[in-house]
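One structure below.
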Amino acid sequence: MKSVLSKFVAVGAIAALAILVVSCGDFKKSSVVNAPSNGSVDFSVYVALGNSLTAGYQSGALYESAQEYSFPADIARQAGISPPSANFMQPLISDPGIGGRMKILNLNGPVIGSDPAAAGTPLYPTLARPYNNLGIPGAVLYDMIDTTNFNAKSTARQNPFFSLILRNAAFGNSPVAQALALHPTFVSVWIGANDVLGYATSGGTNPITDPNIFGFLYGQLADSLASLNTKVVVATIPAVTAIPYFTTVPAALKDPASGAIITLYGQTTTGVRALVPGQDLLTLTASTVLLSATGAPTGVGLSPSNPIPNKYVLDKDEVAKVANTVAAYNQVISGAAAAKGFALVDIYTIF
């Protein structure tokens, strides 16, 4: 899901360009620009709940120079708070962070590599209260309200961020409990993408959260937040198959010599068949079986007898399942917002 962050950058660039173009018009001395206002929202205690997108996770890791530009940190700055500060603290981790930050090595041979094994360290591990940014990379909806031992969860899920971010059960044994402990004046919640993303990125081989279960869990989350009697904004989930992870590797190839289209074969929910561009999708990781380390074709996918394995193929039926699930999740989120009086940011429509 972190690839969606690139869309935020693109939209920001477009907005900046639009402002620049508009500003090139004739200057009028009578033009008045009104200062932005917080309206009736009190940002003095802002808490953010979510996953990697909220955390500021980038390039496969959580590290300070990216966390500084997490969207909650940007909101805090716009509200007149300059993080890190007493009013807004994030679980900052010194560069290169934790997770194996990816970087470009060169443009020939292996392009992407990871930073040295030496990891960054948490900068504020002894903060005597919960962090304001409680975005946890890899978190699903259930994790927001799960009160089981988060240290054990970090071990079982091989995800260090539950322990690193929640730290102390005395603050609360779930992200929501820790958020409530801060008595926030404003809360943002963007959660649910990983409930469907894991299914999509695995070619439909990993489980997906049933929309009915999602609705039940989101209802519990909404009830907890509503008990605060404070300002809450929730966000819908974007179309996860629109991210580069599903649009980089095509479902057919072109012969560089003749220009002819080369059909690819993959293992799908209905068996081995020819893949249809525009209907079936290949994951980014499919490139690891289609090409060798030197970039030469491996022969995988070129015949029905050697199909692309199922975990790299999101076939048309699975694409439809993902789309229907996202729509169902978003209906739950928008319904909860309407029922509880939360503000709603419709990310799905925006992107």
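The values are calculated or read from the model by the stated rules, or taken from the named source; none is laboratory data. In this text the structure is predicted, and so the values were computed from the model without any measurement. Ideal geometry is used to build each Cβ from the backbone, glycine not excepted, and the neighbour counts take in all protein chains shown.
Identify, from the list Asp195, Asp146, the residue that is among the acidic types (Asp, Glu) and touching a residue at least 60 places away in the same chain (Cβ under 8 Å).
Numbers: Asp146 fails: touching a residue at least 60 places away in the same chain (Cβ under 8 Å).
Criteria check complete, one pass: Asp195.
So Asn151 clears everything in (1) polar (S, T, N, Q); (2) surrounded by fewer than 20 Cβ atoms within 10 Å (Cβ to Cβ); (3) within 30 Å of Asn310 (Cβ to Cβ) except one condition, right? Which one?
(3)
Report, by residue number, each residue of segment 51-105 that is in contact with a Ser or Thr (Cβ under 6 Å, 6 or more places away or on another chain), modelled with pLDDT under 95 and buried (at least 20 other Cβ atoms within 10 Å of the Cβ).
If the condition is that a residue be in contact with a Ser or Thr (Cβ under 6 Å, 6 or more places away or on another chain), modelled with pLDDT under 95 and buried (at least 20 other Cβ atoms within 10 Å of the Cβ), then Arg101 is the only one that fits.
Looking only at segment 226-235, decide whether some residue is surrounded by fewer than 19 Cβ atoms within 10 Å (Cβ to Cβ), free of Cβ contacts under 8 Å to residues at least 24 places away in the same chain and not assigned by TED's automatic domain parsing to the domain that holds Ala73.
First pass over segment 226-235, keeping only residues surrounded by fewer than 19 Cβ atoms within 10 Å (Cβ to Cβ): 226-230, 233.
From the residues that got through so far, the ones that are free of Cβ contacts under 8 Å to residues at least 24 places away in the same chain too are 229.
Narrowing further to those that are not assigned by TED's automatic domain parsing to the domain that holds Ala73: none.
The answer is no; no qualifying residue exists.
Scan segment 70-82 residue by residue and report those that are within 22 Å of the chain's Cα centre (by Cα) and either in contact (Cβ under 8 Å) with a residue 60 or more places away in the chain or farther than 19 Å from Val189 by Cβ (or both).
Those that are within 22 Å of the chain's Cα centre (by Cα) and either in contact (Cβ under 8 Å) with a residue 60 or more places away in the chain or farther than 19 Å from Val189 by Cβ (or both): Ser70, Phe71, Pro72, Ala73, Ile75, Arg77.
If you go through segment 200-252, how many residues are in contact with a Pro (Cβ under 9 Å, 6 or more places away or on another chain) and over 28 Å from Ala177 (Cβ atoms)?
4
Residue by residue, here is whether (1) surrounded by 20 or more Cβ atoms within 10 Å (Cβ to Cβ); (2) in a helix (DSSP H, G or I); (3) free of Cβ contacts under 8 Å to residues at least 60 places away in the same chain holds:
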site	(1), (2), (3)
Arg273	no, no, yes
Leu281	yes, no, yes
Lys311	no, yes, no
Glu318	yes, yes, no
Lys321	no, yes, no
Ala339	no, yes, no
